[in-house]
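Working notes for the structure below.
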Amino acid sequence: GGEVGLEEEEGKQKERRSLGERCCRWCVRWLLKMRGQGGQPAQGQDWIFTLWATVGSFLGLLLASGIDEFVSQPYRGGRLTVLIASVGALATLIFAAPASPFAQPRNVIGAHIIASVVALLVDYISNPFYAPIIPQWIAQTLSPALVIGITAKLGLTHPPAGAAALLYASQASVKPLGWLYLACPVLLSSAILVVAGLVINNMRRKVAYPVYW
């Protein structure tokens with residue numbers, strides 16, 4: 001009986017050592033990944049591309065800003081607007097990376113619809129005016145996280161959509177809009193920038209936009 005007990009104890013010690021060794025190896029591999037994978041950083045664009053990206057972004061945002069001047073107004077204690085922060089990120093993609101999958105109309109419109117719907121639904125379970133099941137500080141992280149996951153699964157990843165979800169979750173000035181937030185500012189601003197991209201990007205000799213619909 002004593003020999004059996006000794007063997008069992010030795011076996012447990014080996015298991016503990018094995019688990020510790022596996023954890024150490026995992027930690028080493030995890031840390032080594034942070035060194036980088038030896039890839040080359042992106043090269044700067046030529047002056048023609050840079051000029052088009054700058055002018056295109058300016059004109060696209062100018063159009064959105066001009067429409068915002070006519071649309072923007074107080075609404076139910078909040079403010080109806082077109083020009084929200086995520087539009088700047090959208091302009092960056094459409095005019096500085098027009099071939100990126102993230103900049104294609106399918107991703108722009110689809111992801112923004114998902115972002116608005118998710119943000120509004122999460123608001124129903126966090127807003128004190130509805131059913132505050134979860135605290136607001138969790139809702140502010142849950143909304144964009146869900147959007148990122150859903151759009152990744154559907155092949156509709158679009159970074160500004162995550163920003164649009166976070167904006168609704170965290171800014172009291174847009175929450176009075178409710179479901180109107182989906183139409184304006186989200187879809188209206190997205191459509192404005194996509195149309196501007198279609199017109200301006202296709203004036204460029206070496207650029208065709210979109211890559212796909």
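The values are calculated or read from the model by the stated rules, or taken from the named source; none is laboratory data. Please read all numbers here as calculations on a predicted model, not as lab measurements. Positions of Cβ are backbone-derived with ideal geometry, glycine not excepted, and every protein chain shown enters the neighbour counts. The protein model used for the area step is the full one, side chains on, heavy atoms only, and it has no ligands, DNA or RNA in it. Shrake-Rupley method; radii C 1.70, N 1.55, O 1.52, S 1.80 Å.
Here is a list: Phe129, Phe102. Which entry is surrounded by 15 or more Cβ atoms within 10 Å (Cβ to Cβ) and either closer than 17 Å to Gln171 by Cα or hydrophobic (A, V, I, L, M, F, W, C) (or both)?
Phe102
Taking helices (runs of 4 or more DSSP H) that do not extend beyond segment 44-148, which have at least 2 residues that are within 14 Å of Ala165 (Cα to Cα), touching a residue at least 24 places away in the same chain (Cβ under 8 Å) and not polar (S, T, N, Q)?
In segment 44-148, 86-96, 105-124 are the helices (runs of 4 or more DSSP H) which contain 2 or more residues that are within 14 Å of Ala165 (Cα to Cα), touching a residue at least 24 places away in the same chain (Cβ under 8 Å) and not polar (S, T, N, Q).
Filtering segment 162-178 down to residues that are touching a residue at least 12 places away in the same chain (Cβ under 8 Å) and out of contact with any helix residue (DSSP H, G or I) (no Cβ under 6 Å at 6 or more places or on another chain), which residue is most open to solvent (accessible area, probe 1.4 Å)?
Of everything passing the filter in segment 162-178, Ala172 is most open to solvent (accessible area, probe 1.4 Å).
If you go through segment 172-213, how many residues are assigned to a helix (DSSP H, G or I) and under 21 Å from Leu61 (Cα atoms)?
21
May I ask you to verify whether Ala139 is more than 30 Å from Arg205 (Cβ to Cβ), at pLDDT 95 or above and surrounded by 15 or more Cβ atoms within 10 Å (Cβ to Cβ)?
Against the criterion (more than 30 Å from Arg205 (Cβ to Cβ), at pLDDT 95 or above and surrounded by 15 or more Cβ atoms within 10 Å (Cβ to Cβ)), Ala139 qualifies.
Test of understanding: among Ala42, Ala64, which residue is modelled with pLDDT of 85 or more and closer than 30 Å to Val174 by Cα?
Exactly one of Ala42, Ala64 is modelled with pLDDT of 85 or more and closer than 30 Å to Val174 by Cα, namely Ala64.
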